[in-house]
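Shown next, in structure tokens, is the structure this report addresses.
The values are calculated or read from the model by the stated rules, or taken from the named source; none is laboratory data. Since this is a predicted model, take the numbers as computed values, not measurements. Glycine also receives a Cβ, built like all others from the backbone with ideal geometry; neighbour counts cover every protein chain displayed. Calculation scope for accessible area: heavy atoms of the full protein, side chains included, ligands and nucleic acids excluded. Shrake-Rupley method; radii C 1.70, N 1.55, O 1.52, S 1.80 Å.
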Amino acid sequence: DAGVTQSPTHLIKTRGQQVTLRCSPKSGHDTVSWYQQALGQGPQFIFQYYEEEERQRGNFPDRFSGHQFPNYSSELNVNALLLGDSALYLCASSFSYQPQHFGDGTRLSIL
Amino acid sequence: ELKVEQNPLFLSMQEGKNYTIYCNYSTTSDRLYWYRQDPGKSLESLFVLLSNGAVKQEGRLMASLDTKARLSTLHITAAVHDLSATYFCAVDRGGSEKLVFGKGTKLTVNP
């Protein structure tokens, strides 16, 4: 049973560019949450998707947007990248408010 | 706004010793989680604590929850080198699945 899978594992971009990160939830899960973890910090909640809609959002600017597809997979898009967007981006999936399962993350570096 | 504080942030201990990591949170919450993170890796779920007085143990780790004091502890018994990692507590308010994390405790166990 595959867990939460994220792609790519690593990504290097330059300031001003746009990036899309992808997440496939664990089988049977219908809710996907995204977190940003800066170096040496705890993860911070970006937003959560359920039934293809954004259900909750953390304190992140509109440059961060997302999408959930009918198969429950999800994308995180970040526009106009800033140096401060460099972080590990974690996807977590769950079902019916059960504990979340985290993927291995995408390491995004901005030059 | 829900805030989660952990202490200590850094902990260096010798093998065989005992120690406790503390996690305080600012408002009433439904669930408290403990996660382990190895360098460059994702989050591994250790414990989920749901109610006041809950205690869970796995190997050399034991977690407890006091909802009245808004405090959870992670107790390490007879530490071994393999326990070296960063430990995070996270709180979920109202079953929202929007996890708020502490800054983490970086544990180093020395031979």
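Loop-located trypsin sites (Lys or Arg not before Pro) in segment A:1-87 (DSSP state not H, G, I, E or B) with no more than 12 neighbouring Cβ atoms inside 10 Å: A:15. FRET efficiency for the pair residue A:71 and residue A:11, taken as 1/(1 + (r/R0)^6) with r the Cβ-Cβ distance and R0 = 25 Å, rounds to 0.65. Cα centroid separation, segment B:29-108 to segment A:52-70: 27 Å.
Across chain B, Cα-Cα distances exceeding 19 Å account for 39% of all pairs. A crude spin-label estimate for the pair residue A:56 and residue B:9, with each label 7 Å from Cα along the Cβ direction, gives 2.6 nm.
Residue ranking by accessible heavy-atom surface, 1.4 Å probe, largest first, among B:13, B:62 comes out as B:62, B:13.
Straightening the chain between residue B:55 and residue B:2 buys 16.8 nm, computed as 0.36 nm per residue apart minus the Cα-Cα spacing. Only lysines eight or more places from residue B:68 in sequence, or on another chain, were considered; those with a Cα closer than 19 Å are B:3, B:56. Give, to the nearest whole percent, the P(r) tail of the protein assembly as shown beyond 21 angstrom, counting all Cα pairs. Across the protein assembly as shown, Cα pairs with separations above 21 Å total 55 percent. Given 25 °C and 0.890 mPa s, how large is the Stokes-Einstein diffusion coefficient of segment B:1-43 in µm²/s, with Rh as the Kirkwood radius over Cα pairs? Estimated diffusion coefficient is 190 µm²/s. Across chain A, the relative contact order, built from alpha-carbon pairs under 8 Å that are at least six residues apart, equals 37 percent. Remark: mean inter-chain Cβ contacts per residue of A:58-68 equal 0, using a 10 Å Cβ-Cβ cutoff to other protein chain atoms.
All Cα-Cα distances of chain A, cut into 5 Å bins from zero to the largest, leave 2, 13, 25, 27, 19, 10, 4, 1 percent in each bin in turn.
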